[in-house]
1. Could you please tell me which pairs satisfy a Cβ distance under 8 Å, a separation of 6+ or placement on different chains, a first residue in the stretch 195-223 that is within 14 Å of His164 (Cα to Cα), and a second residue that is in a loop (DSSP other than H, G, I, E, B) and among the basic types (Lys, Arg)?
2. If you check Gln185 against the conditions, is it in contact (Cβ under 8 Å) with a residue 60 or more places away in the chain and on the phi < 0 side of the Ramachandran plot?
3. Could you please let me know if Gln169 is buried (at least 22 other Cβ atoms within 10 Å of the Cβ), more than 28 Å from Glu61 (Cβ to Cβ) and in contact with a strand residue (DSSP E or B) (Cβ under 7 Å, 6 or more places away or on another chain)?
4. Look at Ala92 and say whether it is touching a residue at least 12 places away in the same chain (Cβ under 8 Å), in contact with a helix residue (DSSP H, G or I) (Cβ under 6 Å, 6 or more places away or on another chain), crowded, with 22+ Cβ neighbours inside 10 Å and of a type in the set (Gly, Ala, Ser).
5. Out of all the residues in the stretch 277-285, is one or more at positive phi, in contact with an Asp or Glu (Cβ under 6 Å, 6 or more places away or on another chain) and crowded, with 23+ Cβ neighbours inside 10 Å?
6. Can you run down the residue pairs with Cβ atoms below 7 Å, 6 or more apart or on separate chains, where the first is in the stretch 16-41 and within 20 Å of Leu280 (Cα to Cα) and in contact (Cβ under 8 Å) with a residue 12 or more places away in the chain and the partner is among the aromatic types (Phe, Trp, Tyr) and not in a helix (DSSP H, G or I)?
7. In the stretch 249-260, how many are touching a residue at least 40 places away in the same chain (Cβ under 8 Å) and surrounded by fewer than 22 Cβ atoms within 10 Å (Cβ to Cβ)?
8. Among the listed residues Glu108, Glu90, Glu126, identify the single one that is under 30 Å from Met1 (Cα atoms) and acidic (Asp, Glu).
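The values are calculated or read from the model by the stated rules, or taken from the named source; none is laboratory data. In this text, all values refer to a predicted model and were calculated from it rather than measured experimentally. Reconstructed Cβ throughout: ideal geometry from the backbone, glycine too, with neighbour counts over all protein chains shown.
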Amino acid sequence: MASVGLVFRDEALRHNTGFGHPESSERLRAILNAFQQAGIDPPRVDVAPATRKELLRVHSEYHVDTIERVCAQHLPYPDPDTVMGNGSWEAALLAAGGAIAACQAVLEKRYDRVFMAMRPPGHHAERDWAMGFCLFNNIAIAARWLRDEAGLARVAILDWDIHHGNGTQHAFYDDDSVYYASIHQHPHYPGTGFPDERGKNNTNLNVQMPPGIGPDEWIRALDQYILPEFERFDPDFLLISSGFDAHARDPLGHQLLETEHYAEMTRRVRGVADGRIVSLLEGGYHLEALGESVVAHFRSLEEDGPAAAERGKQ
């Protein structure tokens, strides 16, 4: 069984988005409760806040300064869905720093893989703009750290959130050392992520799913499109933007995945990069479905065995 660590800090609960907001602290509580009910008590990865230098590998000084000021003064932000308060700055720094700490823990072989249950999420955050509940692009910051600090040659990012990760795609569109692949519903927020957007040297891939698509099509997209591209790219590390909002019960999506399909998709990809994987929480807004799906994902990360052999049995 593979060792899987967990990134979680209580400060993530203090990012207060207000009454009725779908991206609330209840999401993390649902995950922790699901772990407890499943008898999972994963070891925690030590986390430090992201530094300004680490943020500036992805974001502009203007953006970092703006987010700090908006959080400190509890100001309204031009994107009304992306709410910030006094606790949001510390939570955002720990979410970005947690992504880096998770990668470092895997590289140092303290854990085989790591799952990060932090908020705010990140994949919509652009260089100069917070949007879609995301303040800093946690997964992009981690990928830049892997390239610039850890010295890895190639990093793959798989995004299976139901919403396209516009910020992540833009961060690496002209960087062929990072392969970004996304499966997402279209049409849907944020309206980006088209198949003809291939990036530098074909290192960007978007697979669009119409509303009402079932799990067979999602798994086929991995098998037929994304995994062959990752095999060609031969990454040193895999980062997953793990959104769980393609679940059939999710209120913000219109896909038909069930809990077990997140375990199956995880099995498909866990042989990528020799299993060096960090998975970061993105979306997922039906609390019970979110908790169940994260448990299924986590248990699959704990399993051993190459994904390719399992795919061949299908």
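1. Asn204/Arg198; Leu205/Arg198
2. Details: in contact (Cβ under 8 Å) with a residue 60 or more places away in the chain: yes; on the phi < 0 side of the Ramachandran plot: yes.
Criteria met by Gln185.
3. Numbers: buried (at least 22 other Cβ atoms within 10 Å of the Cβ): yes; more than 28 Å from Glu61 (Cβ to Cβ): no; in contact with a strand residue (DSSP E or B) (Cβ under 7 Å, 6 or more places away or on another chain): yes.
No: the conditions fail for Gln169.
4. Values: touching a residue at least 12 places away in the same chain (Cβ under 8 Å): yes; in contact with a helix residue (DSSP H, G or I) (Cβ under 6 Å, 6 or more places away or on another chain): no; crowded, with 22+ Cβ neighbours inside 10 Å: yes; of a type in the set (Gly, Ala, Ser): yes.
Spelling it out, it is not the case that Ala92 is touching a residue at least 12 places away in the same chain (Cβ under 8 Å), in contact with a helix residue (DSSP H, G or I) (Cβ under 6 Å, 6 or more places away or on another chain), crowded, with 22+ Cβ neighbours inside 10 Å and of a type in the set (Gly, Ala, Ser).
5. To start, the set of residues in the stretch 277-285 that are at positive phi comprises 284.
When the remaining residues are screened for being in contact with an Asp or Glu (Cβ under 6 Å, 6 or more places away or on another chain), the result is 284.
Add one more test, that the residue is crowded, with 23+ Cβ neighbours inside 10 Å, and what stays is 284.
Yes: one or more hits.
6. Pro22/Tyr285; Glu23/Phe133
7. Within the stretch 249-260, residues that are touching a residue at least 40 places away in the same chain (Cβ under 8 Å) and surrounded by fewer than 22 Cβ atoms within 10 Å (Cβ to Cβ) number 6.
8. Working: Glu90 fails: under 30 Å from Met1 (Cα atoms); Glu126 fails: under 30 Å from Met1 (Cα atoms).
After applying the criteria, what remains is Glu108.
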